[in-house]
Amino acid sequence: MKTKITLVLALVFIGLNMGFAQQDEECMTKLSIFHEYVKAKNYEAAYQPWMDVRKKCPKFNNAIYIDGQKILEDKIANANGADKVPFINDLVKLWSERVENFPDKTPAGEYAAQSCQLMYDNKALLNKTDEELYECFNAAYTLDKDTFTNPQSLYTYFSLMVDMFDAGKKPAEELFDKYDDIVEKVENEVKNYSESLNELNEKIEAGTELTSKEAQYKAYYESYLTNYDLIASGIDEKMGTRANCDILIPLYKKNFDANKDNAVWLQRAAGKMSEKDCTDDPMFFKLVNAYHALSPSANSAYYLGILKDKEGKTNEAISFYEEAISLETDSFKKSNLYSRIASKLKSRGNYGKARSYYQQALKFNPSNGRPYLAIASMYAASANDCGDTNFNKRAVYWLAADEARKAGKFDPTLRNASEQNAQNYLAKAPSKADIFTAGNGGQTIKIGCWIGASVTVPKI
């Protein structure tokens, strides 16, 4: 019997990649017991042997905390009302013990934020105030910003700040600073996941089949990018009109002298005024010039381009935009710059030049499909101008549909929008009856003007 137990334990430890310094037979035996119960999802039976090992040998193995989380989550899920409270508190305590006993396997920011989120999700049961919860998230963020990456927790953190601002418990400046912090954090996470996804997409484009592990990573990256896209929209929606020109301009005027040598403050202030379209006010001019004089950068050059645009000096604006691109060394940020400039050109009807900038944006970040949708919309808007017959004008919508579909090919956040746009364009393209009447199925149509492309008429 003893030989059998020893063999079972050896197999279990190999499976869990376990290593331990001291051989504690009781802890070893009970760990094997509760782990087998957890594998069978018999969490009730696992509870007592797990608690015994947790109390007696807290440093024995990280499985105590991995399995313990599953056991306590089951307790919470199956309890009602106030009966959940002791298990919620114990799960928070368990994560704290994991940080203490296995710090190398426990990212501090991640687990601290996880604890805050659990308390937030159960704040009524726990009688937690917004102030207490905000301070919990703020402490987690300050403790280890790098591993505080959960999209839901980032949104909750900012949402609590807005609620406290609305209640008069946080000033506007602190709200704006926190908005910038969280937005920059989200953008950085999107950048990291996009770059990882781009590497895999490059392999696919080159005709190389992904390994099963790479396919799993691809799904993982796409999932996080989708979630970050959702919370980015949520954060902007939560911020709403709280940051408008009537609030921003007096605030920045008041604080300018105290921050005129603070490049980060100047950059954020100019960025916020640009984002909220407060660029007609002289304060924007003052901020941009101070920022560029103090710290010439891609951002400051871009803002100077905006100023020249406002003055109607298009060529000078483009010159500053090009300077911004040349100063930016980060591919992800360079892509964003190209997109922002392209959007300005698109809004002025300069479609040809806008398309070239959008294409550069795609070159530097293929995982962002929004430029494809923008190009498709420009094609559609030009249908009446770029065809010589009614049929050929409507054929432009095939080009628009093809471009729209590209958006969803590698951008997981746009798959639905991509297909919806494509179907909308196809509905405006020549029908099968039109093709039959024209008798040109399979022929190639050359589309003129700025588009300068060809499209093949579908065969019927």
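Take the conditions (1) of a type in the set (Val, Ile, Thr); (2) surrounded by fewer than 20 Cβ atoms within 10 Å (Cβ to Cβ); (3) under 24 Å from SER335 (Cβ atoms); VAL288 misses just one of them, which is (2).
Across segment 104-146, the number of residues qualifying as within 24 Å of ALA77 (Cα to Cα), small (Gly, Ala, Ser) and crowded, with 17+ Cβ neighbours inside 10 Å comes to 3. Of all residues in segment 429-443, those satisfying the criterion of being modelled with pLDDT of 90 or more and either buried (at least 16 other Cβ atoms within 10 Å of the Cβ) or under 24 Å from SER377 (Cβ atoms) (or both) are ALA429, PRO430, SER431, ASP434, ILE435.
Among the residues of segment 176-211, those identified as at pLDDT 95 or above and of a type in the set (Gly, Ala, Ser) are SER194, SER196. If you go through segment 432-460 and keep only what is polar (S, T, N, Q) and in contact with a Lys or Arg (Cβ under 9 Å, 6 or more places away or on another chain), you end up with just SER454.
Yes/no matrix, rows are residues, columns are (1) free of Cβ contacts under 8 Å to residues at least 40 places away in the same chain; (2) surrounded by 20 or more Cβ atoms within 10 Å (Cβ to Cβ); (3) touching a strand residue (DSSP E or B) at 6+ places or on another chain (Cβ under 6 Å):
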site	(1), (2), (3)
ALA361	yes, yes, no
SER367	no, yes, no
ILE375	yes, yes, no
ASN384	yes, no, no
PHE391	no, no, no
ARG394	no, no, no
ALA407	yes, yes, no
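One residue stands out in segment 150-174 among those that are outside any helix (DSSP H, G or I) and not aliphatic (A, V, I, L, M): the one that is nearest to TYR193 (Cα to Cα), namely ASN150. Based on what the data block shows, is TYR379 of a type in the set (Ser, Thr, Tyr), crowded, with 23+ Cβ neighbours inside 10 Å and out of contact with any strand residue (DSSP E or B) (no Cβ under 9 Å at 6 or more places or on another chain)? When the stated conditions are applied, TYR379 does not pass them. Only one of these conditions is not met by THR129: (1) within 21 Å of GLU26 (Cβ to Cβ); (2) β-branched (Val, Ile, Thr); (3) not assigned by TED's automatic domain parsing to the domain that holds GLU26. Which number is it? If we test THR129 against (1) within 21 Å of GLU26 (Cβ to Cβ); (2) β-branched (Val, Ile, Thr); (3) not assigned by TED's automatic domain parsing to the domain that holds GLU26, just (1) comes out false. Of the helices (runs of 4 or more DSSP H) lying entirely inside segment 336-428, the ones with 3 or more residues being closer than 24 Å to ASN299 by Cα and polar (S, T, N, Q) are found at 351-364.
A quick yes/no check of all residues on (1) in the same structural domain as LYS409 (by TED's automatic domain parsing); (2) among the hydrophobic types (A, V, I, L, M, F, W, C); (3) within 15 Å of the chain's Cα centre (by Cα):
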| position | (1), (2), (3) |
| --- | --- |
| ASP177 | no, no, no |
| ILE182 | no, yes, yes |
| SER212 | no, no, no |
| THR226 | no, no, yes |
| LEU251 | no, yes, no |
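Candidates in segment 298-319 are the residues that are among the aliphatic types (A, V, I, L, M) and more than 13 Å from LYS344 (Cα to Cα); of these, the one that is farthest from the chain's Cα centre (by Cα) is LEU304. In the condition set (1) more than 26 Å from SER223 (Cα to Cα); (2) surrounded by 15 or more Cβ atoms within 10 Å (Cβ to Cβ); (3) touching a residue at least 60 places away in the same chain (Cβ under 8 Å), ALA172 is compliant with all but (2).
You will find that of TYR43, TYR47, the residue that is buried (at least 20 other Cβ atoms within 10 Å of the Cβ), not aliphatic (A, V, I, L, M) and not assigned by TED's automatic domain parsing to the domain that holds THR142 is TYR43 and no other.
Every residue, every condition in (1) closer than 20 Å to ASN365 by Cβ; (2) surrounded by 21 or more Cβ atoms within 10 Å (Cβ to Cβ); (3) among the acidic types (Asp, Glu), yes or no:
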site	(1), (2), (3)
ASN259	no, no, no
THR279	no, no, no
SER297	yes, no, no
SER326	yes, no, no
ASP330	yes, no, yes
LYS333	yes, no, no
TYR338	yes, yes, no
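The values are calculated or read from the model by the stated rules, or taken from the named source; none is laboratory data. Please read these numbers as outputs of a predicted model, since none were measured by experiment. FYI the Cβ positions are ideal-geometry reconstructions off the backbone, even for glycines, and counts take in every protein chain you see.
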